[in-house]
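Below: the structure, in structure tokens.
The values are calculated or read from the model by the stated rules, or taken from the named source; none is laboratory data. Since the structure is predicted, the reported quantities are computational estimates derived from the model, not experimental observations. FYI the Cβ positions are ideal-geometry reconstructions off the backbone, even for glycines, and counts take in every protein chain you see. Each accessible area value is taken on the protein alone, full model and side chains, heavy atoms only, with ligands, DNA and RNA left out. Shrake-Rupley method; radii C 1.70, N 1.55, O 1.52, S 1.80 Å.
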Amino acid sequence: MIAGGCRCGAVRYKVARDTLPAAYACHCTDCQTWSGSAFSMQFFMAADALAVEGAVTEYGFVNPMRRFSVQRFCLTCHTRLYNTNDARPWLVNIRAGTLDDSARIDVPLHIWTRSRQPWLILPATAECYPEAAPIEALERLATLTSL
Ligand SMILES: [Zn+2]
Ligand SMILES: [Zn+2]
């Protein structure tokens, strides 16, 4: 079982899976703004594999692809934990940095690399897309296992 949670500990989650999936990084400017950092890091998982305990608050918006995205945050500390999207309701997108074991997560795929921070050198083996990647490429990561 994989577990994670928010910064303050009020929200905890479990994912019904024994191995850490691989994650992807998004270097788009929205993710830079939202994370207050260089990129966001997340992985897709079957929605019915995620079990959440604790009070979450939601923020929904229409994204640039004109799909409705709902972001979930801890109600207390506002850590962004996961989101869903009506384009793929069978999946959740979990923020990889909220995993208890986040230090072991593998990030073989990078999207929106054309807006990545210029000082950031990506591994030569990374699968990179200048803009969005096909959903199949992102879903494939869930079949991989991190170190
Ligand atoms: Zn919290
Ligand atoms: Zn992004």
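Restricting attention to segment 66-76, which residues are open to solvent by 50 Å² or more (accessible area, probe 1.4 Å) and without any contact (Cβ under 8 Å) to a residue 24 or more places away in the chain? Walk me through it before giving the result.
The initial filter retains those residues of segment 66-76 that are open to solvent by 50 Å² or more (accessible area, probe 1.4 Å), namely 66-68, 75-76.
Within segment 66-76, Arg66, Arg67, Phe68 qualify.
Quick one: Gln32 ticks every box in (1) within 12 Å of the chain's Cα centre (by Cα); (2) within 13 Å of ligand 2 (Cβ to nearest atom) except a single one, so which number is it?
Among (1) within 12 Å of the chain's Cα centre (by Cα); (2) within 13 Å of ligand 2 (Cβ to nearest atom), Gln32 violates only (1).
Residue check: is Leu20 crowded, with 18+ Cβ neighbours inside 10 Å and more than 16 Å from ligand 2 (Cβ to nearest atom)? Quick ask: steps written out before the conclusion?
Details: crowded, with 18+ Cβ neighbours inside 10 Å: yes; more than 16 Å from ligand 2 (Cβ to nearest atom): yes.
Judged against the criteria, Leu20 is a match.
Say we look at segment 39-64 and pick out the residues that are within 16 Å of ligand 2 (Cβ to nearest atom) and open to solvent by 40 Å² or more (accessible area, probe 1.4 Å); which of these is modelled with the lowest pLDDT? Quick ask: steps written out before the conclusion?
The initial filter retains those residues of segment 39-64 that are within 16 Å of ligand 2 (Cβ to nearest atom), namely 39-44, 59, 61-64.
Pick out the ones that are also open to solvent by 40 Å² or more (accessible area, probe 1.4 Å) and you get 39, 41, 59, 61-62, 64.
Details: Phe39: 97, Met41: 96, Tyr59: 97, Phe61: 94, Val62: 93, Pro64: 80.
Out of the qualifying residues, it is Pro64.
Within segment 112-127, can one find any residue that is in a loop (DSSP other than H, G, I, E, B), open to solvent by 50 Å² or more (accessible area, probe 1.4 Å) and within 18 Å of Ala3 (Cβ to Cβ)?
No, there is no match, as no residue in segment 112-127 is in a loop (DSSP other than H, G, I, E, B), open to solvent by 50 Å² or more (accessible area, probe 1.4 Å) and within 18 Å of Ala3 (Cβ to Cβ).
Test of understanding: among Ala103, Ala25, which residue is more than 16 Å from ligand 2 (Cβ to nearest atom) and either closer than 20 Å to Ala137 by Cβ or not in a loop (DSSP other than H, G, I, E, B) (or both)?
Sole residue among the options that is more than 16 Å from ligand 2 (Cβ to nearest atom) and either closer than 20 Å to Ala137 by Cβ or not in a loop (DSSP other than H, G, I, E, B) (or both): Ala103.
State all residues of segment 130-147 that are surrounded by fewer than 17 Cβ atoms within 10 Å (Cβ to Cβ) and within 20 Å of Asp30 (Cβ to Cβ); if no residue qualifies, say none.
The answer is Pro130, Glu131, Ala132, Pro134, Ile135, Ala137.
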